[in-house]
1. Roughly how many nanometres apart are two label points built 7 Å out from the Cα toward the Cβ at A:L65 and A:D218?
2. HN-Hα J couplings of the range B:35-42 from phi, Karplus 6.51/-1.76/1.60, θ = phi - 60°, integer Hz, Gly and Pro as x?
3. Taking the Cβ-Cβ separation of B:Q152 and A:R136 as r and a Förster radius of 60 Å, what is the calculated FRET efficiency to the nearest 0.05?
4. May I have the pair-distance distribution P(r) for chain B, computed from all Cα-Cα distances with 5 Å bins from 0 and rounded to whole percent?
5. Just to confirm the number: angle between the C-alpha axis of helix B:5-30 and the first principal axis of chain B, 0 to 90 degrees, nearest 10?
6. How large is ³J(HN,Hα) for each residue in the range A:70-87, as worked out from phi by the Karplus curve 6.51 cos²θ - 1.76 cosθ + 1.60 (θ = phi - 60°), to whole Hz, x for Gly and Pro?
7. Please pull out the direction-averaged projected area of the range A:132-250, using the convex hull of its alpha-carbon atoms, in nm² to one decimal place.
8. Once both axes come from the Cα atoms, what is the angle between helix B:96-112 and the longest principal axis of chain B, in degrees from 0 to 90, rounded to 10?
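Each reported figure results from applying straightforward, stated rules to the coordinates on display, with no laboratory input. Worth saying up front: this structure is predicted, and the values here are computed from it rather than measured. So basically every Cβ, Gly included, is an ideal-geometry build from the backbone, and we count neighbours across all protein chains shown.
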Amino acid sequence: MKETTALSSLMNKYRFTQAVPVYIQKRVALSKKKSLALTLKRLNQQTLPFSVVTALYLWFTSKGLKISLGGAKILTAVGALTLAASLTTVATVSVQYFRGQSLSVPAESQGLIAIKPADTTENDTGKGIKTGPMDRYIMAIQPLKINITDKNVGDALTLALYRELKDLLGDNQITVLKTGQTPRCRYFLTGSVSALGEKLIITVRLFDGHSGKIVFTDMHTCPGSEPQKGCTDNYAADLGKKIRLIIEKQ
Amino acid sequence: MHIDRKRRDLYTEHFNNYYPMVFNAVYVKIGNIDDTEDICQEVFIALYNNLEKVDSVRQWLYGTLKNYVLKFYRDRKDNTVDIDTVFADISLTFVNGFRDARLVLESVIAEEVADDEDMAVFEMVAIHNYSYAHTAELLGLTKRKIEYRYTQMAKRIQKNLEKRGIGSLEELL
């Protein structure tokens, strides 16, 4: 007879055995978990982090891997840090992704323009090879060409347009081009200011930054009877609204 | 609420190690799982409150659980249960060869199952008839380890009995 079987028979015969029914045996692990939580609560020693630690500690025990409570604490801390790092990564990636998709909801609620996805593809060289970085800005304003003697009028209009469009597109989505700069943009705004007698003729053109096609043109005349500054500011505001409609349609 | 981390950690480790033992010991005396859980909780709360005074946790828990079981019967005022017989030493109730063989066996087990972890395995498997799998689940050891330990204990007990002139375990059966 096998030693273990013989020993069990012996224990039984000499009344050492005090059998616990199988259905009770199955409940002891659960009872242990429940009772530990209850006693710690009654002793005012239960905290949320510690309940996580004990759950992990008892889980390892139930899997036949007895670790120390200190080990369970370290594993919980590592797990929590990993989870936090994962959540941070997911959040960062999501923010980056949605920044590429559109302005965030709070931005839209602030009245900023809800634009279509920024171009994340690259230029087609014509040989089937895509090159070049993604769009840097939604719009770049090329300072308006001044055909009058008072250069300040053109600069003031460019600045006014920049302010209006910045409010619509967001701070980081628009720039004023400096000489020699050619960043990739979805739209380029350019134009000119000319004089006709006492009148100012302002023309603007909005180009598609990828195709080079003109998507919008506009012309405005400031009568010489009004102050030029007020006229250009009003026009900048009107133009901002028109451009908004154009961009939203696209 | 003051959290005594050191004390709480020690208590939790004792709880994990000894809960099955206390549970089994109480259950075989009470026979009701809800009452058993209540008593176990009282016993462990008493352990928490006396942690500094306890030398041998196992012995202390056995002594305390006995008191709580007796209190349970007293509180119930159950006349059908004779409290004295609940914890009576069974070896005294038998005479002649049976009692002698039992005393010998008791002494051999005490000699060969001295280690705390071995004792837990022995109690669960040999006394409370737990399967290796359930024992493993409660003691934090693998099933194979439980089986190995129990087999080794059985072999040691057999050898010890051989030294005492008993050729095999079957002789006692």
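1. Those two pseudo-labels are separated by 6.5 nm.
2. Whole-Hz 3J(HN,Hα) from phi for the range B:35-42: 5, 4, 4, 4, 5, 4, 5, 4.
3. Numbers: r = 74 Å, r/R0 = 1.23.
The formula returns an efficiency of 0.25 here.
4. Final binned percentages: 1, 7, 14, 16, 17, 17, 14, 8, 4, 1, 0, 0, 0.
5. Roughly 60 degrees between the two axes.
6. x, x, 5, 5, 4, 4, 5, 4, 4, x, 5, 5, 4, 4, 4, 4, 5, 5
7. On the way: hull surface 29.5 nm².
Average projection, Cα convex hull of the range A:132-250: 7.4 nm².
8. Helix B:96-112 sits at roughly 70 degrees to that axis.
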